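No value in this document is a laboratory result; all are computed from the given coordinates. For clarity, every value in this text was computed on a predicted model and none was experimentally measured. Cβ placement follows ideal geometry from the backbone for every residue including glycine, while neighbour counts extend to all protein chains displayed.
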Amino acid sequence: AVTMGRMVRVGRVTDFPAGVVTEVEVEGTKVLVVQDDQGLCAAHNKCPHLGLSLTSGPGGRNYADGVIQCPWHNSRFVVRSGENLDWTPGIAGRSVPAWSRKVISAGRKPAPLTTYPVTVEGDEVFIEV
């Protein structure tokens with residue numbers, strides 16, 4: 001059975017400037033909200049690799065052109081779709097040789113980010129969880 005989530009207000013459109021990753025908490029879940037060229041989109045602020053934050057870590061906050069890079073192991077994801085572009089290519093912003101990627105991946109398979117539907121009503125922003 002498909003269940004509809006609940007709409008949770010997370011702020012106003014002006015709270016989410018273009019090109020900036022903003023973290024909000026939605027019922028205990030940390031969620032990234034970004035405004036790309038298609039509008040607002042949201043994804044779970046947790047890298048599917050080891051469950052670490054995508055917005056705080058040794059590699060800093062690295063977001064550009066709709067793609068966020070994990071500050072821990074450099075995995076890259078399209079925020080809007082959750083698509084995994086590159087799985088564990090390095091550590092803390094530094095690249096590593098291909099042979100060591102298997103070690104960094106900790107035996108985990110590449111996985112996408114969890115994304116959430118965003119609705120804008122007037123200037124109010126809601127995320128469905």
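Structure notes:
- Assuming charge only on the beta carbon of Lys and Arg (+1) and of Asp and Glu (-1), the dipole of the stretch 1-68 about its Cα centre is about 200 debye to the nearest 20.
- Computed extension gain for GLU27 through GLU83, at 0.36 nm per residue and net of the alpha carbon distance, reaches 17.7 nm.
- Stretched out straight at 0.36 nm per residue, the stretch from ARG6 to ILE91 would grow longer than its current Cα-Cα span by 26.9 nm.
- Entry note, the stretch 1-73: relative contact order of 20 percent, from Cα contacts under 8 Å with a spacing of 6+ residues.
- FRET efficiency, SER56 to GLU121 (Cβ-Cβ, R0 22 Å, nearest 0.05): 0.10
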